[in-house]
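For reference, the structure discussed in these notes is given below.
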Amino acid sequence: MNRVIAVDWSGAKTGAKHKIWLAEVRDGCLTRLESGRDRGELVKHLVEDASTDGDVVVGLDFAFSFPQWFAENRGAQSIEELWSLVVEQGEEWLGNCQPPFWGKPGCTKPKECDLYRLTEQRASKEPGLNPKSVFQIGGGGAVGTGSIRGMPYLGQLREAGFSVWPFEVAQTRLVLEIYPRLLTGPVNRSDYDERAKHLAEHCPEVDCEFACKAASSEDAFDAAVSAVVMSRHVEDIGALNASQDPTELIEGSIWWPPYCPFCDVSSDSVIAESRHALAIPDQYPVNPGHTLVIPRAHSRSLFTHSSEAQADIWHLVAKVRDHLQTSCNPDGFNIGINDGSAGGQTVNHAHIHVIPRFDGDVADPRGGIRWILPDRAAYWDQ
C-alpha cells in the first residue's frame, strides 16, 4: 500500500473540527497533518481522496462495534444490521444513557454485564494499557460517544469502495480500527515536552516541518504517531485476511502490530540511527562488536523496502562499519543478511549483520560466508 492515513476521531457534538486530526505517511515520511473537518466532512474527504489514489489504508480511532451479546439482544445478526441499528437508535442511546450505557451524571457503571469486546480484553493484557468500554459515553476517557457517532460512517465508506477489516479484506482502500495507546506506547500524552521528546526519539518520519504541530495537542500527536507506526507495518496490513471467527465478525477487532523484538528496541540500546534504520549490538555476538542494522519499518525482507530506504539502510551499515573499524580495530568483516527461513532467518524482521573479524578467530577463514553450506565451502580443495 502506497499511503497510510490515521485519524484521531471525536464524538463531540460541537467543536469536532478542532479535535479531529488526519495524518498521512507516504514513502516513510509524514506528509500531512491537519484538522478542520467535522465527521461528515472528514469521511467525504477520505472518499474523494481515495478516488484519485485508492492504494491506501485508513486507521480510525473509534470502536467499530459492540460486544456480541449486545448485538444479539437487539436482534442484529450481522455487522451490517448492527450498524443500521446504530444509525436508527444511536442518538437515543446517547441521550437516554440507559444501562448498559454509563458515564453521564447519575448513570453509574453497570456491574451485571460484560462491558468489553474480546479485542479490548486482549488489548488490556498489553503492558500499561487499560482499554475503554464502548458503553462509556461520559466522563474522562469516554470512547462510546465517538464510536456511536462513527459507526454509521463505516457503511458509507464501504459503499464508496472501502473494505472494513476484519469483516472483509481488500488489496486497496482498507479501513482498520486503531487504538492509539497501542501504537504510541507508554508516553505521557498530556505533557507537551513528553510528546515532543517521543516524536524526536521514536519518529524520524516526522521532520521539523511537522514536529511542532504533532506535539501541539494529544489529538495531533495520536494521529501522527499512529500513522507512523501503521506505515512501518504495511506489509503485515496488506496480508490481513477477513476473520473466520463468528465473534469477531460481529464485534470487530482492533489492529495493532504483532510483537516483534526488532520493533520494540529500547532507545538505550541504539548506537547509531538514520531516517529508515537503527543499529544495536547483537544480543548474542559471535565476535566483539557484532552489530545489527535494523530497518524501522517491519518487513521480513530488506528487498521489499523502497530503493530510497535501502540506500539509507546501507549508508548506516557503512557508518557502523567505519565506527567498528576504529573502535574494534578488526582485520576484516562479514556483512550479510539471512533472507528467508531457508536462508537461516529466525526473526521475521529484516536485519543486516555487521561482524568484525580478527586474525585467528577461526583456524581458516577462507570462504567466509560460503561456510553456510560446509560441504561445498572449500572449493579450493576440489
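Nothing in this text is a laboratory measurement; each read-out follows from the coordinates by a stated rule. In this text, all values refer to a predicted model and were calculated from it rather than measured experimentally. Glycine gets a Cβ as well: all are built from the backbone with ideal geometry, and neighbour counts include every protein chain shown.
Details
- Euclidean distance of C-alpha centroids, the stretch 23-76 and the stretch 297-357, integer Å: 36 Å
- Lysines whose Cα lies under 23 Å from that of residue 109, excluding same-chain neighbours fewer than 8 positions away: 13, 125, 132
- The calculated FRET efficiency for the pair residue 45 and residue 14, based on their C-beta separation and a Förster distance of 22 Å, comes to about 0.65.
- Counting every C-alpha pair in the stretch 1-103, the share spaced more than 19 angstrom apart comes to 55%.
- Under the simplified labelling scheme, the residue 341-residue 169 pair shows an inter-label distance of 1.7 nm, with each label point 7 Å from Cα along Cα→Cβ.
- The chain pair-distance distribution - Cα-Cα, 10 Å bins, rounded %: 5, 21, 28, 21, 13, 8, 4, 1, 0
- Unit charges on C-beta of K, R, D, E only; dipole of the stretch 251-382, Debye: 200 debye
- Calculated FRET efficiency for the pair residue 241/residue 114, C-beta based, R₀ 30 Å, to 0.05: 0.65
- Segment residue 72-residue 126, length gained on full extension (0.36 nm per residue, minus Cα span): 16.6 nm
- Under 23 Å from residue 197, Cα to Cα: lysines that are on another chain or at least 8 residues apart: 19, 213
- Theoretical FRET efficiency, 1/(1+(r/R0)^6), r = Cβ-Cβ of residue 55 and residue 287, R0 45 Å, to 0.05: 0.55
- Counted residue by residue at 0.36 nm each, then reduced by the alpha carbon distance between them, the extension gain from residue 267 to residue 301 reaches 9.9 nm.
- For the chain, the Cβ-based charge dipole about the Cα centre amounts to some 500 debye (Lys, Arg positive; Asp, Glu negative; other atoms uncharged).
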